[in-house]
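Novice: I am attaching a structure below and will ask some questions about it afterwards.
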Amino acid sequence: MKIFIDTANIEMIEEINSWGILDGVTTNPSLIAKEKTDLKTCVKRISEIVDGPISAEAISMTAPEMIKEGRELSKIHDNINVKLPMCVEALKATKVLSSEGIDVNMTLIFSPHQALLASKAGARFVSPFVGRLDDIGQSGSEALAQIVGAFRNYDTGTEIIAASIRHPMHVLEAALLGADIATIPYDILKKMVSHPKTDEGIRSFLADYEKSKK
Ligand code: G3P
């Protein structure tokens, strides 16, 4: 499974990229707003750090405007894909943008039906929001399983990004289900790397090494 980071914070992206495990980056307007920057400056900077897909979300709400905005965003760097929110206008825009070779990440996906339509329109990525489904008492992993299962039957050319990841178990579920990508917040990546028994083991190996020198 590919690992993306779900943030617009440059320091976090630089750190996780330095681990050698980062395949791409997703941003959204809320993440950009937190960094007090603008979308274009931010994704341009990210494209200088990470060699992989970078999602930049359009804020237009009609197909013609989405197409115009998507074309502009895609010019920032070859690795930029245009994130569009699932709706009829976004399907229309996806059809046009994908036919021009511009990758679309259809976001705010909450059902397999939405994912199938996005893929059919030519989306390069679909982003089911696992955590936000759990938030309202529906199973995010069940929706993800249905999307993975349905896509497995066809050569869709669309990759599934497990998004709205809230804890390490969401990452594990995404991997076990066969999601192509998980886009993971920084703090969860930090949690994934550590285990109390690893820390304990390192401490005891170092202590034994110090003893052996005496
Ligand atoms: O980037 C989209 C998605 O991952 C948002 O996550 O935690 O705001 O539901 P969250």
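The values are calculated or read from the model by the stated rules, or taken from the named source; none is laboratory data. This structure is a prediction, so every number in the text was calculated from the model and none was measured. Counting neighbours? That spans all protein chains shown, and the Cβs are built from the backbone with ideal geometry, glycine included. Heads up: the accessible areas ignore ligands, DNA and RNA and are worked out on the full protein's heavy atoms, side chains in. Shrake-Rupley method; radii C 1.70, N 1.55, O 1.52, S 1.80 Å.
Novice: What does the helix-only formula give at 222 nm for the chain: each DSSP H stretch with n ≥ 4 adding -39500 (n - 2.57), the total divided by the residues, and the result rounded to the nearest 500 deg cm²/dmol?
Specialist: Values: 11 runs with 115 residues, N = 214.
Value at 222 nm, helices only: -16000 deg cm²/dmol.
Novice: Next question. Can you tell me, using C-alpha contacts under 8 Å and at least 6 residues apart, the relative contact order of region 57-115 as a whole percent? Walk me through the numbers on the way to the answer.
Specialist: Values: 73 pairs, mean separation 20.2, N = 59.
Value for region 57-115: 34 percent.
Novice: Students sometimes get this wrong: rank H170, H77 by accessible area, probe 1.4 Å, all chains present, largest first. Could the numbers behind the result be given before it?
Specialist: Working: H170 5, H77 65 Å².
Heavy-atom accessible area, descending, gives H77, H170.
Novice: Could you state the number of Å between the C-alpha centres of region 97-171 and region 68-84?
Specialist: One Cα centre to the other: 20 Å.
Novice: Solvent-accessible area per residue for region 55-214 at a 1.4 Å probe radius, Å²?
Specialist: On the way: 8410 Å² over 160 residues.
Per residue, region 55-214 has 53 Å² of solvent-accessible surface.
Novice: Would you please classify the overall shape of region 30-171 from the alpha carbon gyration tensor, given that a ≥ b ≥ c denote the square roots of the eigenvalues, rounded means a/c under 1.5, and beyond that prolate means a/b larger than b/c while oblate covers the rest? Provide the component values of the computation, followed by the final result.
Specialist: Details: a/c = 1.71, a/b = 1.26, b/c = 1.36.
Oblate, because a/c is 1.5 or more while a/b does not exceed b/c.
Novice: Further, regarding this structure: Largest first, what is the accessible-area ranking of Y186, Y209 with a 1.4 Å probe?
Specialist: Numbers: Y186 45, Y209 125 Å².
My answer, sorted largest first, is Y209, Y186.
Novice: With θ set to phi - 60° and the Karplus curve 6.51 cos²θ - 1.76 cosθ + 1.60, what are the ³J(HN,Hα) couplings of region 143-156 in order, to the nearest whole Hz, using x for Gly and Pro?
Specialist: Each residue's phi maps through the Karplus curve to give 4, 4, 4, 5, 5, 4, x, 5, 5, 4, 6, 9, 8, 6 Hz.
Novice: For V25, enumerate residues with amide H under 5 Å from its amide H, sequence gap 5+ or separate chain, H modeled in the peptide plane.
Specialist: I5, I54, S55
Novice: Also: Ordering C87, C42 by accessible area with a probe of 1.4 Å, largest first, what comes out? Intermediate results must be reported in sequence, preceding the final value.
Specialist: Numbers: C87 40, C42 5 Å².
Descending order: C87, C42.
Novice: In region 1-69, if every C-alpha pair distance is counted and binned at 10 Å from zero, what percent goes to each bin?
Specialist: Reading upward from the zero bin: 20, 50, 24, 6, 0.
Novice: Taking Cα pairs under 8 Å and at least six residues apart, what relative contact order does region 76-214 come out at, in percent? Don't jump to the answer; show the numbers that get you there.
Specialist: Numbers: 200 pairs, mean separation 23.2, N = 139.
Dividing the mean separation by the residue count of region 76-214 yields 17 percent.
Novice: Rank by packing, highest mean first: peptides 108-115, 125-132, 68-75, with packing defined as the count of other Cβ atoms within 10 Å averaged across residues.
Specialist: Numbers: 108-115: 19.8, 125-132: 23.8, 68-75: 17.9.
Ranked by mean Cβ neighbours within 10 Å, highest first: 125-132, 108-115, 68-75.
Novice: Cα axis of helix 63-74 to longest principal axis of the chain: angle in degrees, 0 to 90, nearest 10?
Specialist: 40 degrees
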